[in-house]
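Scroll down for the structure; my scribbles are underneath it.
What follows draws every value from the coordinates through simple rules; no lab data is involved. Here the structure is a predicted model, which is why all the values come from computation and not from measurement. Cβ placement follows ideal geometry from the backbone for every residue including glycine, while neighbour counts extend to all protein chains displayed.
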Amino acid sequence: MIAVSMTLFLLSLALVVYTYLGYPLILRMLGRSRNTGPVRASTEPPSVSVIIAAYNEEEAVATRIANILSSDYPSEKVEILIASDGSTDRTVERAQAVNDPHVRVLDFRENRGRATVHNDAAAAAQNEILIFSDAESRFTRDFLRNITAPFADPEVGCTTGELFFLNRESTSLGRSRGFYWTFEYLLRQYSSDAGMLAVASGACMAVRREIYRPLPSPTDDVDFITPIDVVTQGKYVVHCGDAVVEEFMFVQPRAEFRSRVRMTSRNWIGTWRRLRECSMQEYAWLWWCLVSHKFLRWLTPFFLMGVLIGSVLGWENVLLRSACLIQVALYAWALAGLYFPALTPGSLGAPTGFCVANAGFAVGVLSALLGRARATYSRREEQT
């Protein structure tokens, strides 16, 4: 029994360590030893079409348009597409009231989901580069210049920036999510340096219009499916750490949990379906990167269960007993931070954020395996 418990414990622990430490270190070494990534070069800025899929964003849409128009980018090369996804409020009216020649409002009367709206807006776009973002986001003034700079290299098909969360220091959960995104962007930079990046951020990504492929399912997300499409067309995805978009993050546990469930269920289904269409022999590196970067992270809560179960079953062994007690203490600390946040200020709230995120991953994976993923959603719904 001890042998079985130890095997379960060590195997589960090894998968967690590989996901959060081993894989990033391998990417770091590959990025330093290989010069496979594209090279930036200065050139005339390309024309861009900024696509904002909006559902009931009457409070944000006018400010968002003004934010884009204030960018440090040639105005004659900017087209803004506000694509209303069946909004029932005054989103369309307020967007049209801006009355700027660079702004086009696409009023889709039915709420069909972001994937369908993105497809229709991309088909209506007229400029060279499609830039996808959200109504709640805010571009920094040099965002458009920085996100489009790598397209000077014809081998670059997609670029992705970074989100800066304005309220990350407001709660311990916010700081925990900040740590998560710092790790994620470091991982993306390592992947980009190695020429092996295949993910992006939906609020700050750009793709050449000529290679954009319509998302095949209403539950697909452009930041997961489109980078894979770009890679399979022989182009690079580049991480731009200087292309920054500002946002407010979810800082309440319930909202964070719901967000993780939604994103995990949708992206598990879409990414797995698209990855299976890629030859494992031809795209071995793509399989390795996506499994290591995303699927193993989504499966981490089940690995953590294996670590706990193995240590409980092997209680008679001093090592497993010690590991069990440490885990119980950490989970108790996480629960204390969840119900009594004042007890876990600052970085001490990291276990709470980690556990909330992994609970969302677990439910999201189970939802995906059951085929349950919503095509439509609202950030405001997740906050309630």
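Quick notes on this structure:
- Taken over the stretch 48-250, the alpha-carbon convex hull comes to 113 cubic angstrom per residue.
- Relative contact order of the stretch 307-368, taken over Cα pairs closer than 8 Å and 6 or more residues apart, is 21 percent.
- Working note: Karplus 6.51/-1.76/1.60 with θ = phi - 60° gives the stretch 125-139 the couplings 5, 10, 9, 5, 10, 8, 10, 9, 8, 10, 5, 7, 7, 9, 6 Hz, where Gly and Pro are set to x.
- Under-5 Å amide H pairs with residue 236, H placed in peptide plane, nonlocal only: 156, 157, 158
- One quarter of the convex hull surface built on the alpha carbon atoms of the chain amounts to 19.8 nm², the projected area averaged over directions.
- Footprinting exposure proxy for 118, 102, 293 (fewest neighbouring C-beta atoms within 10 Å first): 102, 293, 118
- For the stretch 214-230, backbone phi angles converted through the Karplus equation (6.51, -1.76, 1.60; θ = phi - 60°) give residue-by-residue couplings of x, 5, x, 10, x, 9, 6, 10, 4, 6, 9, 7, 4, x, 5, 4, 5 Hz, Gly and Pro being listed as x.
- Panel order for 110, 162, by other beta carbons found within 10 Å of each beta carbon, from fewest to most: 110, 162.
- Charge tally for residue 235 (other residues, Cβ to Cβ under 10 Å; Lys, Arg +1; Asp, Glu -1): -2.
- If you wrap the tightest convex hull around every Cα atom of the stretch 74-136 and split its volume per residue, you get 95 Å³.
- Only helices enter this figure: runs of n ≥ 4 DSSP H residues, each worth -39500 (n - 2.57), summed and divided by the residues of the chain, yield -15000 deg cm²/dmol at 222 nm to the nearest 500.
- Order of 17, 117 - criterion: other Cβ atoms within 10 Å of each residue's Cβ, fewest first: 17, 117
- The stretch 1-93: trypsin sites (Lys or Arg not before Pro) in DSSP loop, at most 12 other beta carbons within 10 Å: 34
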